[in-house]
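Sharing a structure below in structure tokens format, with a few things to ask.
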Amino acid sequence: MGTFTAGQLAQKTSVNVETIRFYERRKLLLKPKKSKSGYRQYSESDVVRILFIKRAKELGFTLSEISELLSLKLDSKTTCGDVKKLSENKLADVEERIRDLQRIKKKLEELITLCEQENASTSECPILEALEPQV
């Protein structure tokens, strides 16, 4: 198993070097050993970890949640049920966001429907009127 510089790790995982450093600061990635010349040396396990982080982000997990997932993965007392619970919580969050987005979509559709005269001045625009605070 070889070692990689930050640039090589970034290339292998399709992230930039600043992302790698950010993950180190967030303790999602362990601080690497340094070579005699002072270069950080990353291993294949760092590649696997970054790819894990990327996949978890694609599923909507926050970096805090990913940190928790990584902790659960390393804890020998963790069960699949523990991971399932965290995933169920994420699913509930996603479903809530979907409901919020559907509500926003419906309201925007209603406002767009109210806008019958596209050439009217902005002072007569029902969309802008709807956005005005009611004091």
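State which stretch of the chain is the longest one without any exposed GluC sites (Glu not before Pro), exposure meaning a DSSP loop state and at most 16 other Cβ atoms within 10 Å. Each step should come with its number before you reach the end.
On the way: sites that count: Glu116, Glu118.
Answer from the scan: 1-115.
Before rounding to the nearest 500, sum -39500 (n - 2.57) across all DSSP H runs of length at least 4 in the chain and divide by the residue total; then give [θ] at 222 nm in deg cm²/dmol. Spell out each step's value before the answer.
On the way: 6 runs with 85 residues, N = 135.
Helix contribution divided over all residues of the chain: -20500 deg cm²/dmol.
Determine the relative contact order of the chain: mean sequence separation of Cα pairs under 8 Å and six or more apart, normalised by residue count, in whole percent. Don't skip to the answer; put the middle values down first.
Values: 73 pairs, mean separation 22.2, N = 135.
Over the chain, the number comes to 16 percent.
Okay, moving on. Taking the chain as the reference, fit the longest principal axis to its C-alpha atoms, fit the long axis of helix 44-58 to the helix C-alpha atoms, and give the angle between the two in degrees, 0 to 90, nearest 10.
Long axis of 44-58 versus the principal axis of the chain: about 10 degrees.
Report, ordered by chain and residue number, the lysines lying within cross-link reach of Lys34, taken as a straight Cα distance under 30 Å and ignoring same-chain residues fewer than 8 apart.
Lys12, Lys54, Lys57, Lys73
Tabulate in residue order the Karplus-calculated ³J(HN,Hα) for segment 99-116, using 6.51 cos²θ - 1.76 cosθ + 1.60 with θ = phi - 60°, rounded to whole Hz; enter x for Gly and Pro.
4, 4, 5, 5, 5, 5, 4, 4, 5, 5, 4, 4, 5, 5, 4, 5, 7, 8
Any chance you could check the Cα centroid distance between segment 119-134 and segment 28-73 for me, in angstrom?
What the calculation gives is 49 Å, centre to centre.
Each reported figure results from applying straightforward, stated rules to the coordinates on display, with no laboratory input. It should be emphasised that the depicted structure is a prediction, and the values quoted were computed from it without experimental measurement. Neighbour counts are summed over all protein chains in view; Cβ atoms, including those assigned to glycine, are modelled from backbone coordinates with ideal geometry.
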